[in-house]
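Data block below; observations after.
The values are calculated or read from the model by the stated rules, or taken from the named source; none is laboratory data. Bear in mind that the values here come from a model prediction, so they are computed numbers and not experimental data. No Cβ is skipped: glycine too gets one built from the backbone with ideal geometry, and neighbour counts run over all protein chains shown. These area figures cover heavy atoms from the full protein model, side chains too; ligands, DNA and RNA do not enter into them. Shrake-Rupley method; radii C 1.70, N 1.55, O 1.52, S 1.80 Å.
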Amino acid sequence: MGILSGKRAFIVGVATDRSIAWGIAQAMKAQGAELAFSYQGEKLKDRVTPLAESVGSRIVLPLDVSSDAEIDAAFAALSREWDSLDILVHAVAFAPREAIEGSFTANTSREAFRIAHDVSSYSLTALARAAQPLMAGRAGAVLTLSYLGAVRSIPSYNVMGLAKASLEANVRFLAADLGPQNIRVNAISAGPVKTLAAAGISGFRKMLAQVAQVAPLRRNVSTEDVGNAAAFLCSDMAAGITGEIVYVDNGFSTVGMSFGAAAADGG
Ligand code: NAP
């Protein structure tokens, strides 16, 4: 029996089989959870549906998180299939491409700021509110994905760093608000993973190389690493953990200084 057996999880943010949300879905399935998925736009429907079927899920719902109407419709459809929900995974972020390259000062327009915060942070509040009725009487768990750019400047991450800082505050406020209803809210701050969204960040390959050289474990994280931590955080084994940002980054964020590979040969 897995640590999530008997639990139902709604996973928002699968785009491809490289998505972090897909790593989370696989880990949750392996731990016994029943899964439902969403997709954004018809193009992704054809990609997400076979992935969902491969883990035994036939619930695949359209959901653009920037639309209140789509959020309402998705949860109405979910509640026709399920009478309760235990886990909500929010693995969604977006910023206009021109805002996640070059100069932060020059390229952060009012509109890019608005879109990044709306899609990447506000959507967590909106989805948690929509999930609340289905989580009533359960040990609910909400999980989102953040990145180190929330608390440190990272080249090119720019306005997305501000949106992630907002997202992390969102986690703490939701945790305080929903805790009395036995709903826990946490984030995983993942190390860089090569996904569709990451491909939009200028210089992403250099970020991967830097982590592999400097992180204590000398490698990048996999979607499996993140998925396993997500399964734990959404299980009853993590019943005492809420409002936390848990780093799954091979220790990269803990290093103050490193001479990387050169340290090993005394260089
Ligand atoms: P991904 O596979 O591209 O997933 C991002 C998902 O967000 C896609 O399914 C995308 O759909 C969806 N999305 C964007 N705008 C949306 C909207 N308005 N409504 C609904 N869905 C929308 O990339 P990922 O790297 O796995 O990203 C998942 C989460 O992990 C994000 O929050 C990201 O910031 C976070 N994260 C990623 C890394 C990394 O290095 N990859 C590190 C730390 C944290 P479309 O493809 O249709 O836009």
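Could you work out how far helix 204-214 tilts from the main Cα principal axis of the chain, as a 0 to 90 degree angle to the nearest 10? Around 70 degrees separate the two axes.
Dividing the summed -39500 (n - 2.57) terms of all DSSP H runs of n ≥ 4 by the residue count of the chain sets its mean residue ellipticity at 222 nm at -12500 deg cm²/dmol.
Derived value for region 36-125: Kirkwood hydrodynamic radius 14.9 Å. Basis is the mean of 1/r over every pair of different alpha-carbon atoms.
For a straight C-alpha distance cut-off of 21 angstrom, the lysines reachable from Lys43 (same-chain residues fewer than eight places away being disregarded) are Lys194.
By how many degrees, 0 to 90 and rounded to 10, does the Cα axis of helix 68-81 deviate from the longest principal axis of the chain? With both axes taken from Cα atoms, the answer is about 50 degrees. In this calculation the C-beta distance from Asp118 to Arg219 is compared with R0 = 22 Å, giving a FRET efficiency of 0.05. For region 145-233, the alpha-carbon radius of gyration amounts to 1.20 times the rule-of-thumb value 2.2 N^0.38 Å expected for a compact globular protein. Across the protein chains, with a 1.4 Å probe defining accessible surface, the residues Glu101, Glu53 rank Glu53, Glu101 from largest area downward. Extension gain, Lys206-Ser84: 0.36 nm per intervening residue step, less the Cα-Cα distance, totals 39.6 nm. Scaling against 2.2 N^0.38 Å puts the C-alpha radius of gyration of the chain at 0.99.
For region 165-170, putting each phi into the Karplus relation 6.51 cos²θ - 1.76 cosθ + 1.60 with θ = phi - 60° gives couplings of 4, 5, 4, 5, 5, 4 Hz, in residue order, rounded to whole numbers and with x for Gly and Pro. This model, with +1 at the C-beta of Lys and Arg and -1 at the C-beta of Asp and Glu, gives region 1-102 a dipole about its Cα centre of some 360 debye.
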